[in-house]
Amino acid sequence: MKIHEYQAKNLLKSYSIPIPKGTIVKNKKDAISIWEDMKGIPLVVKAQIHSGGRGKAGGVKIVNTKEELVDYVSTLIGTVLYTEQTGKDGMPVECVLVEEALKFKKELYLGFTIDRARACITMLVSSEGGVEIEKIASQSPEKVMVEHIEPLLGLRDFQITRALLLTNIDSKYLRKLSSISKSLYRLFIEKDCSLAEINPLVITEDDEIVAVDAKINFDDNALFRHPEILSLRDYTQENHLEVEAAKYNLNYIKLKGNVGCMVNGAGLAMATMDLIKLVGAEPANFLDVGGGATSQMVKEGFKILLLDKDVKVIFINIFGGILRCDTLARGIVEAAYELQVELPIVIRLEGTNVEEGKRILTESGLSLITAKDMGEAALKVAGALGLTS
Ligand code: GDP
Ligand code: MN
């Protein structure tokens with residue numbers, strides 16, 4: 001789960017990491033009152049969306065007058081922002097963060113993330129923070145210091161010192177930076193994060209260290225332990241079909257191609273994706289109805305697949321175990337009638353009650369493309385898309 005920058009900063013503050021003075025603004029009136037509260041000092045206005053890269057996309061701006069502030073707040077709120085990370089649909093800006101604009105001498109990067117290959121949390125530090133960090137990390141990786149954290153030992157002081165000394169940061173900031181690193185690591189552990197990143201972490205003109213931006217993601221599987229985090233969830237920033245699927249306990253993942261997939265089980269989902277790619281097509285999504293789906297769940301799932309406008313062909317690949325093929329067939333037939341599906345549907349069914357399932361499908365009068373195995377089904381999907389392979 002992701003949260004907004006202002007929510008992440010509130011968390012940093014509760015771990016004694018300094019953040020700029022500011023507030024969340026939802027309309028013109030809020031903007032005017034913060035201008036008066038801050039006594040006319042230059043302010044920075046920041047679009048709140050669940051994505052980075054806002055600076056480069058025009059979502060962050062320093063304003064020097066009340067008119068400029070009100071103007072910019074009004075243009076941002078209610079628009080959709082497209083950054084390098086949002087994808088083609090962009091993300092809606094429903095509120096902005098207005099803060100005192102800091103003057104700083106240096107932008108640093110500090111982050112904790114999970115290194116999946118090494119199966120450990122990793123600390124990353126760089127003296128070259130700011131909007132170009134991704135470019136720096138890929139073109140000059142030696143500028144980013146990396147410390148792998150031994151799970152049973154946790155982050156050790158010598159690791160923090162080593163990482164900080166290897167950057168070109170003046171050692172007079174060592175004590176403050178070390179304390180911020182420890183706090184951020186503690187937050188990461190205590191809140192079950194998958195990412196906790198401060199970029200930039202700035203050194204101000206008065207030698208203070210302040211978190212100017214923050215990005216914190218959480219491990220969904222641990223959210224049940226953190227109701228205070230779950231309450232920060234903002235559904236406007238999530239894919240609406242993924243949200244809809246979650247309501248019915250279905251796993252739906254949006255992808256970039258045009259084959260809509262209904263499967264049961266993560267392993268079968270992966271195999272289905274592989275087959276689709278093998279025949280030269282691309283999945284638009286996958287919907288995993290899981291083991292214990294009812295025909296109602298299948299029906300809702302099928303509707304979700306159809307609501308995805310990128311889908312040109314539907315591929316149903318089910319191995320009936322606990323989910324019986326007849327249950328699945330009933331769900332599909334009901335949904336197809338209710339929604340008057342016109343897209344080609346390729347089906348491969350196997351397992352419990354397969355004969356009954358096939359009978360329901362045949363007698364439904366729907367025009368379905370059936371296949372006896374997965375390979376044949378994938379070829380028929382390619383055929384329906386007009387791909388020759
Ligand atoms: P991101 O592009 O989504 O990562 O948004 P950031 O919050 O990191 O802002 C982008 C850039 O705007 C930062 O790297 C800073 O260079 C600049 N910026 C943000 N806040 C301030 C501020 O208070 N003062 C100044 N001078 N620059 C700022
Ligand atoms: Mn940033």
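So the values come out like this:
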{"item": "Search result, residues across the range 105-154 that are farther than 16 Å from Leu174 by Cα, of a type in the set (A, V, I, L, M) and touching a Ser or Thr at 6+ places or on another chain (Cβ under 9 Å)", "result": "Ile114, Ile121, Ile133, Ile136, Ala137, Val144, Val146, Ile149"}
{"item": "Search result, residues across the range 98-123 that are open to solvent by 10 Å² or more (accessible area, probe 1.4 Å), within 15 Å of ligand 1 (Cβ to nearest atom) and in a strand (DSSP E or B)", "result": "Glu100, Phe104, Lys105, Lys106, Glu107, Tyr109"}
{"item": "Any chance Val144 is away from ligand 2 (no atom under 16 Å from the Cβ), in contact (Cβ under 8 Å) with a residue 24 or more places away in the chain and open to solvent by less than 60 Å² (accessible area, probe 1.4 Å)", "result": "no"}
{"item": "Residue within the range 246-263 that is under 19 Å from the mean Cα position of the chain (by Cα), open to solvent by 20 Å² or more (accessible area, probe 1.4 Å) and within 16 Å of ligand 2 (Cβ to nearest atom) present", "result": "no"}
{"item": "Answer residue from the range 191-208, given it is under 27 Å from Lys103 (Cα atoms) and assigned to a loop (DSSP other than H, G, I, E, B) and is farthest from ligand 1 (Cβ to nearest atom) among those", "result": "Asp207"}
{"item": "Leading residue by the ranking (farthest from ligand 2 (Cβ to nearest atom)) among those in the range 27-65 that are among the charged types (D, E, K, R) and at pLDDT 95 or above", "result": "Lys61"}
{"item": "The lone exception for Val73 - which of (1) within 28 Å of the chain's Cα centre (by Cα); (2) hydrophobic (A, V, I, L, M, F, W, C); (3) within 15 Å of ligand 2 (Cβ to nearest atom) it fails", "result": "(3)"}
{"item": "Matching residues, the range 25-62, being more than 11 Å from ligand 1 (Cβ to nearest atom) and touching a Leu at 6+ places or on another chain (Cβ under 6 Å)", "result": "Ala31, Trp35"}
{"item": "Qualifying residue in the range 274-289 (condition: part of a strand (DSSP E or B) and among the polar types (S, T, N, Q))", "result": "yes"}
{"item": "Residue that is least open to solvent (accessible area, probe 1.4 Å), among those in the range 124-140 that are more than 14 Å from ligand 2 (Cβ to nearest atom) and of a type in the set (S, T, N, Q)", "result": "Ser127"}
{"item": "Residue that is farthest from ligand 1 (Cβ to nearest atom) [pool: residues in the range 215-225 that are open to solvent by less than 20 Å² (accessible area, probe 1.4 Å) and within 16 Å of His4 (Cβ to Cβ)]", "result": "Phe218"}
{"item": "Residue satisfying condition, being open to solvent by 60 Å² or more (accessible area, probe 1.4 Å) and over 13 Å from Glu100 (Cα atoms), within set Lys13, Lys21", "result": "Lys13"}
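The values are calculated or read from the model by the stated rules, or taken from the named source; none is laboratory data. Remember, predicted model here, so these are calculated numbers, not experimental data. As a convention, Cβ positions derive from the backbone with ideal geometry for all residues, glycine included, and neighbour counts pool all protein chains shown. What goes into the accessible areas is simple: the full protein's heavy atoms, side chains included, and nothing from ligands, DNA or RNA. Shrake-Rupley method; radii C 1.70, N 1.55, O 1.52, S 1.80 Å.
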